[in-house]
Amino acid sequence: MSPGRLAALLLGAQCALAAAQPVAWRAPATLAPLRIDGALDEDAWAQAPVHQRFGQFLPVERPDAPAGYRTTLQIVAEEHALVFGLRAWDPRPEEIRAPLMRRDQVKRDQDFVMVLVDAVGSRRAAQFWRVNASGTLADGVFRAEEDAEDFSPDFEVEAAARRLPDGYSVELRVPLLALRYPYEGGRTWRVMAGRSIPRDTSVLLLSAPLTRDALSFIAELEEIGGLEETVAAARDHALLSVRPELTWRATRERDGSARTRDREAALGAEIKWRPRADWVFDATLNPDFSQVELDVPQLAASRRFALVVPEKRPFFLESTDVLDLSPAAYYSRSITDPGWGLRATWRGARADATALTLRDDGGGTQLEPGAFATGTRAQQRRAQASLLRGRWHGESATTGWLVSTRDEDGGERNHVLGADWLWRPAEDRQLRLRALGSRTAEPGRATRDGHHLQAVWALRSPQWNWNAEALDISPGFRHRNGFVERAGVRVLQNELIRRWGEVEVPGPLPFTAYEFENYLWWQQQVTLPDPVNGIPGGLTVGRYWHPGLWWTAARNTEAFVHLRLEAERANPAGPLHPLRGLAFSVMSNPAPWLTKLQLDMTLGRLLDAEADRAAPGRTVLLEAQWRAGLPNGWGLESEHRYEQTSVERPDGARAYTDRALRWLGVLHLDARDSLRAVWQGTRYRRSAELPLGLDGADARTLTTSLVFQRRFGVGRSLSAGLTREVERPEPGQPATRRSELFAKWSFVVDR
């Protein structure tokens, strides 16, 4: 056989194998590690199999990518890392949208490629990375149960992109030590790659044969061939990572004539030790958990129930898929000021577990849930917070359990036991059962027991979706390590969705809806008997019917409109107020520079809980985001958010207005250096109504922040900034002014 014929046969076999599944090429030990510069020009890329079977997933499913948008995936297995090479061809490269961005801000308005890896092989969870055409990175964990991305975890990876005359290429190095997998008995690792092409019609390509009938986005991850020896060699490789943090801050506060100043320098550390593949140990010592990113302001004055705030602190984000808990079962932001913390996580082929304990120095607030509102109380004492979580995995079911304790120095004890069960009898249906029981002992008060029971059912077919939930929370249920915004209620909820697929919508402004759905959402909330607070059982707290329409269209447009057929009760002694109205939302990517424009509105009769009445009102949420590339290579982000709720009195005058505004601007000097400015303010005004015992109010807060950050490489950064806050509770009253000047340096030492 001639050499040319043999080469052709080998090439054909390689292409056939690549078409069947992604295959990793194992780099010889003598080969130097690849340079991560975005260019696929080294010898390893010439030898690695090419996987080029990418089909269109959005906006409509098609077996092939649009003409001219060829995309390929290659995988090189180094001794200690997987390196992914992705090549994206583009017939109109001048239209590629890839500005410099903050980490985790790579969204569908940009050209990016992504990789999802499930190193357990169960398709229950996957780590993912997105890299846009300028090299900006976003990463996190995708969990199948919620079918949702969690961008909170950050992984120590290297990524780079290279713009080319006919598109762009990306290199992504994922250390094997950044992946989590069993020591033995594990399944074959799985992968899926994707590509976002944002034009007038925003396209998402995938390397796996996923359909929108699947219950989750990671239901069809494909096995990676050629990794057996690489995975086996890495199982016993140990890692010790120490991240010291040095923080200096100067604070100043003025409240009327009283003034205080303080300066402090603190040295802390986060330590991660992985003795082998299935065990990870974490420790945090004197951590600085200050907010580098300010939380988005919320309309707290007109809301009766508390809202979940995302976690941003690294210690709590190890192996979030093992926790796999609702906020009611575990809410890490209930730990306000840890002095130290320890954590261990184990992952096996059929089971996994994690345990943590922290010393919380207090100073924050704790929730006091009720049937009609969420109360708060100050956490003034130190506490020891601990949690133990374990799961067993079968072929179609997962069984889990939970032990949570929080013991305060003052004598309060809160202990919670829980169990959960996830059953998937088929690929299109899922049942989740959770049960929590609590016992809370407070000095001077009787011990209270409580329960939190939940059942969630999901069914999906090509034409129909059905989601149902039942929730029963007794009045005495408390979880100091969780998020419980209400107690003493039983909630039943159903959602039925009719899916029509792609539809041509007629009318004065006809358009093509890539997805079009009718839906009916219904919820009923009733009280459970609560003798301690004098609340009888069977009272309707809220009743909601929302018949509506939802659709997607060009330019990443997503919209819904539904009727509000509702009724709410403000307190147990008050009437059930009928509320009628209309709600709608539209979000779009109108232009390459205007990457998000969103308007949400609710019109009609709203509940004024303080006055215990229904009255005409409206809620408005307006968001706009724009991006710009500057001539000198700099990048600029600008994000604007306005939110308001207003309700009228019976005489037509304004009863109250609750408003929040936020502007965030980021100037990127390059991929490492950025300057971020934030301005945000809230204002709550209520007119006095003396017959109802309501005094007038006019409370304001204003926060400004300026932060410079430089990243020196993987795990090393320097941040410095100034934050100022002004709080004015009433007109004519002295304002409380606070300011903080800080600098923070962190780096990583690996062994």
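What does the extension gain come out to for Leu267 and Asp147, with contour length at 0.36 nm per residue minus their alpha carbon separation?
Working: separation 120, 0.36 × 120 = 43.20 nm, distance 3.91 nm.
Between Leu267 and Asp147, full extension yields an extra 39.3 nm.
Per residue, what volume in Å³ does the Cα convex hull of the stretch 3-234 take up? If you can, show how the numbers build up before the last one.
Details: hull volume 30.9 nm³, N = 232.
Dividing the Cα hull volume of the stretch 3-234 by its residues yields 133 Å³.
Normalised by the residues of the chain, what does the relative contact order come to in percent, with Cα pairs under 8 Å and at least six apart? Numbers along the way, then the final one.
Working: 2071 pairs, mean separation 65.7, N = 751.
Computed value for the chain: 9 percent relative contact order.
Using each residue's phi in the stretch 438-453, evaluate 6.51 cos²θ - 1.76 cosθ + 1.60 at θ = phi - 60° and report the 3J(HN,Hα) Karplus result to the nearest Hz, with x for Gly and Pro.
10, 9, 10, 10, 10, x, x, 10, 5, 5, 10, 10, x, 9, 9, 10
Run the quick spin-label model on Trp457 and Leu692: label points 7 Å from Cα toward the beta carbon, then report their separation in nm to one decimal.
The two pseudo-label positions are separated by 4.1 nm.
Quick one: net charge around Gly696, please, counting Lys, Arg +1 and Asp, Glu -1 for every other residue with C-beta under 10 Å from its C-beta. Provide the component values of the computation, followed by the final result.
Details: positive: Arg685, Arg686; negative: Glu689, Asp695, Asp698, Glu730.
Cβ neighbours under 10 Å give a net charge of -2.
Note the full-extension length gain between Met587 and Leu549 as 0.36 nm times their separation in residues minus their Cα-Cα distance, in nm to one decimal.
Details: separation 38, 0.36 × 38 = 13.68 nm, distance 1.46 nm.
That pair, Met587 and Leu549, stretches by 12.2 nm at full extension.
Do the sum for the chain: with -39,500 (n - 2.57) for every DSSP H run of n ≥ 4, divided by all residues, what is the mean residue ellipticity at 222 nm, to the nearest 500 deg cm²/dmol? Please list the in-between numbers first.
Working: 4 runs with 34 residues, N = 751.
After summing the helix terms and dividing by residue count, I get -1000 deg cm²/dmol.
Gap in Å between the Cα centre of the stretch 473-508 and the Cα centre of the stretch 673-751?
The two parts, judged by their Cα centres, are 32 Å apart.
Highest first, please rank the peptides 450-457, 529-536, 265-272 by the mean number of other Cβ atoms sitting within 10 Å of their residues. Please list the in-between numbers first.
Working: 450-457: 17.9, 529-536: 13.1, 265-272: 16.1.
Peptide ranking by packing, descending: 450-457, 265-272, 529-536.
If the cut-off is 15 Å between C-alpha atoms, which aspartates and glutamates fall inside it for Lys107, apart from same-chain ones fewer than 8 positions away?
Partners found: Asp139, Glu149, Asp150, Glu558, Glu637, Glu639.
Going by average Cβ density within 10 Å per residue, which order do the peptides 584-597, 25-38 take, highest to lowest? Please report the intermediate quantities before stating the final value.
Values: 584-597: 17.2, 25-38: 14.5.
In decreasing order of mean packing, 584-597, 25-38 become 584-597, 25-38.
Hey, what angle do you get for helix 3-20 against the long axis of the chain, alpha-carbon based, 0 to 90 degrees rounded to 10?
With rounding to tens, the tilt is 20 degrees.
Along the Cα→Cβ direction, 7 angstrom out, place labels at Trp466 and His80. What is the inter-label distance in nm?
5.4
Compare the peptides 196-204, 169-177 by average per-residue count of other Cβ atoms within 10 angstrom and give them in order, highest first.
Details: 196-204: 18.8, 169-177: 22.8.
Ranked from most to least packed, the peptides come out as 169-177, 196-204.
Could you tell me the calculated FRET efficiency between Arg276 and Thr357, based on Cβ-Cβ distance and R0 = 25 angstrom, to the nearest 0.05?
0.65
Report the extension gain between Ala238 and Ala250 in nm, rounded to one decimal, defined as 0.36 nm multiplied by the number of residues separating them, less their alpha carbon distance. Each step should come with its number before you reach the end.
Values: separation 12, 0.36 × 12 = 4.32 nm, distance 3.96 nm.
Separation in residues times 0.36 nm, less the Cα-Cα distance, equals 0.4 nm.
Return the lysines within reach of Lys272: Cα separation strictly under 21 angstrom, same-chain partners fewer than 8 residues apart disregarded; answer none if there are no such residues.
Lys312, Lys744
Laboratory data are not the source of any read-out in this text; all were calculated from the coordinates shown. Just so it is clear, the model here is predicted, and its values are computed rather than measured. Note that we place each Cβ from the backbone using ideal geometry, even for glycine, and neighbour counts take in every protein chain shown.
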